[in-house]
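Notes follow once the structure below has been shown.
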Amino acid sequence: GAVVSQHPSWVICKSGTSVKIECRSLDFQATTMFWYRQFPKQSLMLMATSNEGSKATYEQGVEKDKFLINHASLTLSTLTVTSAHPEDSSFYICSAPDMRKGNTEAFFGQGTRLTVV
Amino acid sequence: QKEVEQDPGPLSVPEGAIVSLNCTYSNSAFQYFMWYRQYSRKGPELLMYTYSSGNKEDGRFTAQVDKSSKYISLFIRDSQPSDSATYLCAMRPIYNQGGKLIFGQGTELSVKP
């Protein structure tokens, strides 16, 4: 299947600092990528849809000024958690649909575990 | 009511057992159905992908879709301890090409040796 790479896999940061997470589609182009947040033993919660060349679409209740999304190329989307606080500690996962075969199968990155201290 | 319902478990079975995982949904527009496996602290891995109704088999895994009942299943034959993970069902409508998936809560499976 297609490969989606997410970096870093884990990060610890101090409260008040910003953290950037990268999501790359390695062998296909992705005009759309999705960012999810997952709490322990819970399902994935969609935060936003990242669109190449245009503004991201945020789900209701997600602060766009806190979770900055940039999709500058067809293979890279970034999520920046600004002014992080301990409540932002979570597992963040990106996904990208591979539309080359006509059937859009979504592939996920490895996830990033963010701990804010 | 959630669009997709999935029993979170946990489900514990002995090695070699047949495992049945299920999801129900309410949106009749859903046409694409997926099963993902997620190991602890990892991203979900696509296991099976089916379109509309019917069965699909891949090795020890069989996915079934019953659109009339709005019910999908994943069967795992000869389960192994390495199958211990959380299994997530996901789906989307046909008009949402490349669009966001709707996920179930995930079922935590433990296969005991």
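All C-alpha to C-alpha distances of segment B:9-63, sorted into 10 Å bins beginning at zero, yield P(r) values of 17, 48, 32, 4 percent in whole numbers.
Please report, in whole Å³, the volume per residue of the convex hull around the C-alpha atoms of segment A:70-117.
So the per-residue Cα hull volume is 79 Å³.
Among B:17-27, B:83-93, the peptide with the highest mean count of other Cβ atoms within 10 Å heads the list, and the full ranking is B:83-93, B:17-27. Charging the Cβ of each Asp and Glu at -1 and of each Lys and Arg at +1, and nothing else, the dipole of the protein assembly as shown about its Cα centre rounds to 240 debye. In the calculated pair distance distribution of chain A, what percentage of Cα-Cα distances lie above 18 Å? Roughly 46 percent, once rounded to a whole number. At the listed q of 0.14, 0.17 Å⁻¹, the Debye profile of segment B:1-97, built from one uniform point per Cα, gives log10 I(q)/I(0) equal to -0.51, -0.75.
DSSP loop (so not H, G, I, E, B), at most 14 other Cβ within 10 Å: list which trypsin sites (Lys or Arg not before Pro) in segment B:54-91 pass both filters.
In loop regions of segment B:54-91 (DSSP not H, G, I, E or B), the sparsely surrounded trypsin sites (Lys or Arg not before Pro) are B:R60, B:R77.
Note on B:44-50: average number of Cβ atoms from other chains within 10 Å of each residue's Cβ is 4.
Phi-derived couplings, Karplus 6.51 cos²θ - 1.76 cosθ + 1.60 at θ = phi - 60°, listed residue by residue for segment A:60-71: 4, x, 9, 7, 5, 7, 8, 10, 7, 10, 10, 10 Hz, with x used for Gly and Pro. The separation of segment A:1-50 from segment B:1-71, counted between C-alpha centres, amounts to 23 Å. Sparse packing (at most 11 other Cβ atoms within 10 Å of the Cβ) combined with a DSSP loop state is found for the following GluC sites (Glu not before Pro) in segment A:32-117: A:E63. Each Cα pair under 8 Å and six or more residues apart adds its separation to the average, and for chain B the resulting relative contact order is 37 percent. The tail of the calculated P(r) for segment B:36-85, taken as Cα-Cα distances beyond 13 Å, holds 62 percent of the pairs. I need the Debye-formula profile for the protein assembly as shown: one equal scatterer per C-alpha, no solvent, reported as log10 I(q)/I(0) at q = 0.09 1/Å, two decimals. After summing over all Cα pairs, the log10 values are -0.37.
Between the listed residues B:S82, B:L46, B:Q64, the Cα displaced farthest toward the positive end of the dipole of chain B, a dipole computed from Cβ unit charges relative to the Cα centre, is found at B:L46. Sorting A:14-22, A:69-77 by their mean Cβ neighbour count within 10 Å, with the most densely packed peptide first, gives A:69-77, A:14-22. For the protein assembly as shown, lysine pairs with C-alpha atoms less than 15 angstrom apart, excluding pairs fewer than eight positions apart on the same chain, total 7.
Readers should treat all values here as calculations from the given coordinates under stated rules, not as data from a laboratory. This structure is a prediction, so every number in the text was calculated from the model and none was measured. Cβ: placed from backbone, ideal geometry, glycine included. Neighbour counts: every protein chain shown.
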